[in-house]
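The values are calculated or read from the model by the stated rules, or taken from the named source; none is laboratory data. Please read all numbers here as calculations on a predicted model, not as lab measurements. Neighbour counts are summed over all protein chains in view; Cβ atoms, including those assigned to glycine, are modelled from backbone coordinates with ideal geometry. Side chains are part of the model used for accessible areas, which takes the heavy atoms of the whole protein and leaves out ligands, DNA and RNA. Shrake-Rupley method; radii C 1.70, N 1.55, O 1.52, S 1.80 Å.
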Amino acid sequence: QVQLVESGGGLVQAGGSLRLSCAASGSIFSINAMGWYRQAPGKQRELVALIFSGGSTNYADSVKGRFTISRDNAKNTVYLQMNSLKPEDTAVYYCAADSGPQRVWGQGTQVTVSS
């Protein structure tokens, strides 16, 4: 089984930057892809960015050009670099790992962008 631990959320002013980290442990060999999702109050959880085991990436249109997903295989960690943050980026951000047919979720980290 895979376990995920996120860190790096916080409060930042519009235009600022944050970097989120997601450390994976357990059966990491089974992970096909890892990603970041977010959920704002009253809204559904949505995909932000994905990185596949081969290294390819996908981004939501709303974050293209501002956010970058990357990974450090030696540390079993995936990062989300968020630049030019906007108030509408405010949400709880969740790390997820696709492990076979399962999606494993982290506990979530709050990102708040003030205007």
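Tallying residues that are more than 11 Å from the chain's Cα centre (by Cα), at pLDDT 95 or above and open to solvent by 50 Å² or more (accessible area, probe 1.4 Å) within the stretch 7-26 yields 5. Could we say that ALA74 is surrounded by 12 or more Cβ atoms within 10 Å (Cβ to Cβ) and of a type in the set (Gly, Ala, Ser) here? Answer is no for this residue. The residue list ALA91, ALA60 contains one member that is out of contact with any Phe, Trp or Tyr (no Cβ under 6 Å at 6 or more places or on another chain) and in contact (Cβ under 8 Å) with a residue 24 or more places away in the chain, which is ALA91. The set of residues in the stretch 81-94 that are assigned to a loop (DSSP other than H, G, I, E, B) and either acidic (Asp, Glu) or open to solvent by 50 Å² or more (accessible area, probe 1.4 Å) (or both) comprises ASN83, SER84, LYS86. Just to be sure I understand, how many residues within the stretch 27-49 are part of a strand (DSSP E or B), hydrophobic (A, V, I, L, M, F, W, C) and either touching a residue at least 24 places away in the same chain (Cβ under 8 Å) or exposed (fewer than 14 other Cβ atoms within 10 Å of the Cβ) (or both)? Summing the residues that are part of a strand (DSSP E or B), hydrophobic (A, V, I, L, M, F, W, C) and either touching a residue at least 24 places away in the same chain (Cβ under 8 Å) or exposed (fewer than 14 other Cβ atoms within 10 Å of the Cβ) (or both) in the stretch 27-49 gives 6.
Let's see how each residue does on (1) among the hydrophobic types (A, V, I, L, M, F, W, C); (2) outside any strand (DSSP E or B); (3) open to solvent by less than 60 Å² (accessible area, probe 1.4 Å):
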residue	(1), (2), (3)
ILE51	yes, no, yes
GLY54	no, yes, no
GLY65	no, yes, no
TYR79	no, no, yes
GLN110	no, no, no
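Just one residue in the set SER53, SER62 is among the polar types (S, T, N, Q) and more than 24 Å from GLY42 (Cα to Cα); that residue is SER53.
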